[in-house]
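The structure appears right after this line, and notes come after that.
The values are calculated or read from the model by the stated rules, or taken from the named source; none is laboratory data. If you're wondering where the values come from, they're calculated on a predicted model, not measured in any experiment. Please note: Cβ atoms are built from the backbone with ideal geometry, for glycine as well, and neighbour counts cover all protein chains shown. What goes into the accessible areas is simple: the full protein's heavy atoms, side chains included, and nothing from ligands, DNA or RNA. Shrake-Rupley method; radii C 1.70, N 1.55, O 1.52, S 1.80 Å.
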Amino acid sequence: MEEIINNSPAVVFLGAIITGFIAGVSAYIGLLKITNQETVIKGSYELKKNLVGRVLKNEILIECGKLIESGGRIEGATMPDRVEAFLTQTLIFLEGLDLPKVQQYLQLKMSWPAYTIQLLLVNDNLSPSQKLGRAIGVLEGLRSSFAAAAGG
């Protein structure tokens, strides 16, 4: 019986396969240790293309929607102080996104959306309702661009 097992091509073949499998797994584990890497489970990470600065694009979409909704509830003609607060809140949100700074306002480099909101804050020629409408337009444009970039 022992001679049949030792001389059997099937046993030799299975032994070679098992030895190769163990060698491959050992090589993989050794390579991970040598290169100081680790295995990451799919779905437990976020791709860099889905980030804006350190914020996820879908979080930006949600926050833009909340700002648009809150801005839509403001009556610009009767609540000029709330319009200014909304513009300030929007500006702070936009500055926190770490968008490319391509425009300059005084000594500050700003993104286009933040620059537009900053100009609305200092423009006395527009009514509060006009400022509010333009700010909501900026947010809707930003939301549309991120929705297109996120594939949704």
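Observations, loosely collected:
- Scan of the stretch 130-149 for residues that are open to solvent by 50 Å² or more (accessible area, probe 1.4 Å) and within 17 Å of the chain's Cα centre (by Cα), ordered by number: Arg143, Ser144, Ser145, Ala148, Ala149
- Residue in the stretch 73-83 that is farthest from Asn123 (Cα to Cα), counting only those that are open to solvent by 60 Å² or more (accessible area, probe 1.4 Å) and not hydroxyl-bearing (Ser, Thr, Tyr): Arg73
- Matching residues, the stretch 90-129, being closer than 23 Å to Arg143 by Cα, open to solvent by 30 Å² or more (accessible area, probe 1.4 Å) and among the β-branched types (Val, Ile, Thr): Ile92, Val102, Thr116
Results for (1) assigned to a loop (DSSP other than H, G, I, E, B); (2) at pLDDT 90 or above; (3) out of contact with any Asp or Glu (no Cβ under 9 Å at 6 or more places or on another chain), shown as yes or no for each residue.
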position: Ala85; (1), (2), (3): no, yes, yes
position: Thr88; (1), (2), (3): no, yes, yes
position: Phe93; (1), (2), (3): no, no, no
position: Pro100; (1), (2), (3): yes, no, yes
position: Gln118; (1), (2), (3): no, yes, yes
position: Asn125; (1), (2), (3): yes, yes, yes
position: Arg134; (1), (2), (3): no, yes, yes
position: Ser144; (1), (2), (3): no, no, yes
position: Gly152; (1), (2), (3): yes, no, yes
